[in-house]
1. May I ask you to say which residue of 59, 63 is in a helix (DSSP H, G or I), out of contact with any Leu (no Cβ under 9 Å at 6 or more places or on another chain) and crowded, with 18+ Cβ neighbours inside 10 Å?
2. So which residues in the stretch 17-48 are over 15 Å from residue 141 (Cβ atoms) and of a type in the set (A, V, I, L, M)?
3. Failed condition for residue 174, given (1) surrounded by 14 or more Cβ atoms within 10 Å (Cβ to Cβ); (2) touching a Phe, Trp or Tyr at 6+ places or on another chain (Cβ under 9 Å), with all others met?
4. Quick check on residue 164: is it modelled with pLDDT of 95 or more, touching a Ser or Thr at 6+ places or on another chain (Cβ under 6 Å) and among the aliphatic types (A, V, I, L, M)?
5. Which one of these is crowded, with 18+ Cβ neighbours inside 10 Å and small (Gly, Ala, Ser): 128, 116?
6. Which pairs do you get when a residue that is within 24 Å of residue 110 (Cα to Cα), found in the stretch 148-172, comes within reach of a residue that is among the hydroxyl-bearing types (Ser, Thr, Tyr) and surrounded by 17 or more Cβ atoms within 10 Å (Cβ to Cβ), reach meaning Cβ atoms under 6 angstrom, with the pair 6+ apart or on two chains?
7. With the requirement that a residue be assigned to a loop (DSSP other than H, G, I, E, B) and either closer than 14 Å to residue 66 by Cβ or touching a Gly at 6+ places or on another chain (Cβ under 6 Å) (or both), what does the stretch 189-234 give you?
8. Limited to the stretch 48-85, what total is found for residues that are hydrophobic (A, V, I, L, M, F, W, C) and modelled with pLDDT under 95?
Amino acid sequence: MTILHPVPRFVKNELPLLVNGDRMKQPEFHRRYEQYPDHVKIELINGIVYMASPLSRLHSLYHEELGFVLGLYRRATPGIELCPDATTILGEESEPRPDLTLRILTECGGQSTVDAKGYLTGPPELLAEVAYSSRAIDLNQKRDDYEKAGVLEYLVLSIEDDQLFWFRFPSGVNITANRQGIYRSTVFPGLWIHEEALLARDSPRLQKVLQEGLKSKPHAAFVKRLERARRRPS
């Protein structure tokens, strides 16, 4: 459940403060949000303002573990980048701050860009959220918002359910685990995540499974495709 918190004393207060449940367009939200320090997390989802609850220890631990496996994948895949907790402008009514963003660089054929102020603009290929107190929002409002914006895959690690949800929006068919309990991304070939290992925060097992994916032919072909796109004249 999202909780409304007192506004920090250090907000500039030059514009009206944001209030949980406010309705507005992205440009207005962005102007007001820039008054707040970076560590204050407020999001605009489908035109509605959501003010995040305090970050629990458990959420932080799973955020770090999921970031670990996505970070390993990023380091083995030139042409992509991983952005933790980055503001992302998805549309005229959408400016979320996903826990983790995995995107193909614009120069390598990615569908998102970086604007003049350094903000991500447009739908990244994959967004990920760790759902604890935010489960209802992550699996409903955010899911619908991300799909509408053109995000290709959306991963939700639901701690309360002990379950990994992996939505594949273009096909409408979700990614599910194989018999070995491994989820495999279609947008990022070789990104293999073992659900049980992730829920147990078993880093060695997560790394072992990912390394198998990184050795696969689809991952090798993906790396070559990204390199060809980078070299292609603009």
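1. On the way: 63 fails: out of contact with any Leu (no Cβ under 9 Å at 6 or more places or on another chain).
Just one listed residue meets the conditions, 59.
2. 17, 18, 19, 24, 40
3. Checking residue 174 against (1) surrounded by 14 or more Cβ atoms within 10 Å (Cβ to Cβ); (2) touching a Phe, Trp or Tyr at 6+ places or on another chain (Cβ under 9 Å), the one that fails is (1).
4. So residue 164 does not fit the description; no.
5. Working: 116 fails: crowded, with 18+ Cβ neighbours inside 10 Å.
The match here is 128.
6. 149/94; 154/146; 166/183; 167/154
7. Residues satisfying the conditions are 190, 191, 200, 201, 202, 216.
8. Pass one, the stretch 48-85, residues hydrophobic (A, V, I, L, M, F, W, C): 48-49, 51-52, 55, 58, 61, 66, 68-70, 72, 76, 80, 82-83.
Filter once more, so that each one left must be modelled with pLDDT under 95: 51-52, 55, 58.
Matching residues across the stretch 48-85 total 4.
The values are calculated or read from the model by the stated rules, or taken from the named source; none is laboratory data. Everything quoted here is computed from the prediction, not taken from an experiment. Using ideal geometry, Cβ is built from the backbone for each residue, glycine included, and neighbour counts are taken over all protein chains shown.
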